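Okay, structure first, notes after.
The values are calculated or read from the model by the stated rules, or taken from the named source; none is laboratory data. Being a predicted model, the structure only gives us computed values, none of them experimental. All Cβ positions, glycine included, derive from the backbone under ideal geometry; neighbour counts span all protein chains shown. What goes into the accessible areas is simple: the full protein's heavy atoms, side chains included, and nothing from ligands, DNA or RNA. Shrake-Rupley method; radii C 1.70, N 1.55, O 1.52, S 1.80 Å.
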Amino acid sequence: QVQLVESGGGLVQAGGSLRLSCAASGRTFGRFAMAWFRQAPGAEREFAASINQSGGRAYYADSVKGRFTISRDNAKNTVYLQMNSLKPEDTAVYYCAADQYGAGDIRPVRYEYWGQGTQVTVSS
């Protein structure tokens, strides 16, 4: 069982930056691939970024590639999402997710555990 708690969301102007954090409970954090998904109002949840268990491999959606960076600190049981050059279309609730059996899958159905989400709003 893993519990995930996101933080770091907020309101930012276009072009600004935010760093999201996701703290995980339990001693087995290093066994999980981690990901960030996002969901805008009226839209489906979509993949943003993922990272494998060691942190040596990361994957990004085309829409965020070059602007967002996912990283993890297994000693702190935390995964991060550094978001730069933010755009109004990045506005969404951002969710952290954990997958015990994968290595950074982009499909939300593969993730067993989810956080409650943190709101990111980018004003134009």
If we scan the range 54-61, do we find a residue that is open to solvent by less than 50 Å² (accessible area, probe 1.4 Å) and of a type in the set (F, W, Y)? no
Quick one: S17 ticks every box in (1) closer than 17 Å to V2 by Cα; (2) surrounded by fewer than 16 Cβ atoms within 10 Å (Cβ to Cβ); (3) of a type in the set (S, T, Y) except a single one, so which number is it? (1)
Look through the range 41-78, keep the residues that are farther than 25 Å from A14 by Cβ and of a type in the set (A, V, I, L, M, F, W, C), and return whichever of them is modelled with the lowest pLDDT. A75
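Before we move on, is D99 out of contact with any Cys (no Cβ under 7 Å at 6 or more places or on another chain), surrounded by 18 or more Cβ atoms within 10 Å (Cβ to Cβ) and within 21 Å of Q116 (Cα to Cα)? Let's see the steps before the verdict.
Values: out of contact with any Cys (no Cβ under 7 Å at 6 or more places or on another chain): yes; surrounded by 18 or more Cβ atoms within 10 Å (Cβ to Cβ): yes; within 21 Å of Q116 (Cα to Cα): yes.
Yes; evaluated as a whole, the condition is true for this residue.
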